[in-house]
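Input: a single structure, listed below in structure tokens.
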Amino acid sequence: GDLAHSMGIKAAQVAMKLIESGMMATVNTTLDFETAALIADEFDYTVENVAFDIANFYDTTPDEEESMERRAPVVTVMGHVDHGKTSLLDAVRASSVTSGEAGGITQHIGAYMVETSAGMVTFLDTPGHEAFTALRARGAKATDIVVLVVAADDGVMPQTVEAINHARAAEVPIIVAINKIDKPGANPDRVKTALTEYNLIPEEWGGSTLFVEVSALEKLNIDGLLEAISLQAELQELKARADRDAQGIVIEAELDIGRGPVATVLVQRGTLNRGDILVSGRYYGRVRTMHNDRAQTIDKAGPSQPVEITGLSGIPEAGEPFFVVTEERDAKRITENVADQRRKEVMASRAKESAGSLEDLSAMIARGEMKTLKIILKGDVQGSVEAIKEAFGKLGNDEVRTKIIHTGVGGITENDVNLAASSDAGAVIVGFNVRPDNRAAEVAEKYGVQILTHSIIYDAIEQVRGILEGLLSPIV
Ligand code: GDP
């Protein structure tokens, strides 16, 4: 009816055309864009899609090779608790050539840059897996290199393995920093041997992983670590275009009583200028102030540079992308649309029956659209985890297999859910005699991650077999 009206044609004529093309239609039928375009064409009209599309503002096409320049690598430090992540970040920061300069008071803004003899290196200053996976779960690739810290007196521990799995899932190369070599009980070779099991093999043993032995406490061989990072970065040929509107991601954000929303953002390409209109998720604003990691006021920031900015209308989430637009009215329109879309998504995910999505997964496998079912397996004791892992490995056929991307003993945590959500094709979490904590359940619902919990090994195996065979019979 509306389409006919805007073309100045009787609705019955339009309906006739639709019926001729095989679609039963009345004046109240809703047409999709393609159908409307085809029908309008029959009457010599063209239809323009004026629906909101963020792609019109947020350019995701890669820049021309010739326009790009070398940029600093962005590094995240991961590893088991107490193995020295924080100490290492401190030691690296203290080693910076510029740290001794006048006015060089460092300030915690969530990331910092270090000047090394081989160039600048950016460190994300939030050690641990939470930051990394939270960023990844939102599709943000913020890290070029993971430094895996392993204490020489303690060796490979559960979170070491978790870190390896996270880095692998994100396809980020790992440099191993064997820490605490000053300690009497330090045994770097034992760490190296243990890591070969995870395919992290030092060059001197015929592998290709860079290993460095350091002491964060005694500040031993921090240079060696920075050198390894520069070497790895060189291999990756990291480049970005600087002379364009800035894009990047939010590293962290909070509300400051005096200054309003304060966000640390990492510029990934382009140059961010004071006064630019920055859009991130539901919020936007003109960049009012801009500071670097040494609390100095700056006017512009280029690729790989972290800066703290004020001026936004709200507090964006960590991992949220940002970009710059020219017109304030565009910023307003984009953020209103994003807010609207997010509201709808939340409502849709609440409405979604979890069994429905499991069936979708199964149907995808049946149609041959999914070749591996990625699984994160958690259990109450190591023995059952091993047994189930082995049993899952035997499931499947030539077309479809399982792939265990992470196993662990203990409850299902937010980290597990983030890892599942950030796996490219999605992963399911299987819990044996363990359940998700509240936070994990919440995040799982948000991202539509399936958690299957069982207390009988046979049931767990049968359910996964069912999904693989595309013949899902729900076991409750
Ligand atoms: P994180 O939990 O991984 O961030 O570990 P921290 O950096 O907090 O370090 C945990 C403990 O190990 C602290 O007591 C540090 O002083 C100590 N530590 C860190 N690095 C070294 C090191 O190289 N040698 C020795 N002896 N102790 C270290």
Next on the checklist: One residue is enough: does region 186-209 have a residue meeting the conditions within 16 Å of the ligand (Cβ to nearest atom), more than 30 Å from residue 276 (Cβ to Cβ) and part of a loop (DSSP other than H, G, I, E, B)?
Outcome noted: yes
Item to check | One residue from 378, 446, 403 being basic (Lys, Arg) and within 25 Å of residue 343 (Cα to Cα) | outcome: 446
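Every residue, every condition in (1) touching a Leu at 6+ places or on another chain (Cβ under 8 Å); (2) more than 20 Å from residue 254 (Cα to Cα); (3) assigned to a helix (DSSP H, G or I), yes or no:
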| residue | (1), (2), (3) |
| --- | --- |
| 303 | no, yes, no |
| 307 | yes, no, no |
| 315 | yes, no, no |
| 318 | yes, no, no |
| 323 | yes, no, no |
| 329 | no, yes, yes |
| 332 | no, yes, yes |
| 335 | no, no, yes |
| 342 | no, yes, yes |
Checklist outcome for this item: Scanning region 377-414 for residues that are of a type in the set (Gly, Ala, Ser), within 27 Å of the chain's Cα centre (by Cα) and outside any strand (DSSP E or B) gives 410, 411
Checklist entry - Checking residue 285 against (1) out of contact with any Asp or Glu (no Cβ under 9 Å at 6 or more places or on another chain); (2) open to solvent by less than 60 Å² (accessible area, probe 1.4 Å); (3) closer than 30 Å to residue 95 by Cα; (4) part of a strand (DSSP E or B), which single condition isn't satisfied? => result (3)
Checklist entry - What tally of residues in region 36-68 results from selecting those that are open to solvent by 50 Å² or more (accessible area, probe 1.4 Å) and in contact with a Lys or Arg (Cβ under 6 Å, 6 or more places away or on another chain)? => result 1
Next on the checklist: Between a residue in region 202-216 that is touching a residue at least 60 places away in the same chain (Cβ under 8 Å) and any residue that is hydroxyl-bearing (Ser, Thr, Tyr) and within 16 Å of the ligand (Cβ to nearest atom), which pairs come within a Cβ distance under 7 Å, given they are 6 or more apart or on different chains?
Outcome noted: 216/87
Checklist outcome for this item: Of 417, 443, 449, the only residue that is within 20 Å of residue 345 (Cβ to Cβ), modelled with pLDDT under 90 and outside any helix (DSSP H, G or I) is 449
Next on the checklist: Of everything in region 246-274, what is of a type outside the set (Gly, Ala, Ser), surrounded by fewer than 21 Cβ atoms within 10 Å (Cβ to Cβ), modelled with pLDDT under 95 and more than 11 Å from residue 309 (Cβ to Cβ)? Give them in sequence order.
Outcome noted: 254, 255, 256, 257
Item to check | Evaluation of residue 82 against (1) on the phi < 0 side of the Ramachandran plot; (2) touching a residue at least 40 places away in the same chain (Cβ under 8 Å); (3) charged (D, E, K, R) (one fails), failing number | outcome: (1)
Checklist entry - Name the residues in region 250-300 that are among the hydrophobic types (A, V, I, L, M, F, W, C) and at positive phi, would you? => result 295
Next on the checklist: Can you say whether residue 389 is of a type in the set (Lys, Arg) and either farther than 24 Å from residue 441 by Cα or open to solvent by less than 60 Å² (accessible area, probe 1.4 Å) (or both), as far as the supplied structure shows?
Outcome noted: no
Next on the checklist: Just checking, does region 349-368 include any residue being modelled with pLDDT of 90 or more and either over 16 Å from residue 449 (Cα atoms) or open to solvent by less than 30 Å² (accessible area, probe 1.4 Å) (or both)?
Outcome noted: no
Next on the checklist: Looking only at strands (runs of 3 or more DSSP E) that lie completely in region 81-164, which have at least 2 residues being among the hydroxyl-bearing types (Ser, Thr, Tyr), within 16 Å of the ligand (Cβ to nearest atom) and modelled with pLDDT under 70?
Outcome noted: none
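The values are calculated or read from the model by the stated rules, or taken from the named source; none is laboratory data. On a predicted model such as this, the values are computed, not experimentally measured, just so you know. FYI the Cβ positions are ideal-geometry reconstructions off the backbone, even for glycines, and counts take in every protein chain you see. Ligands, DNA and RNA are stripped out before the accessible areas are found, and what is left, the full protein with its side chains, is counted by its heavy atoms. Shrake-Rupley method; radii C 1.70, N 1.55, O 1.52, S 1.80 Å.
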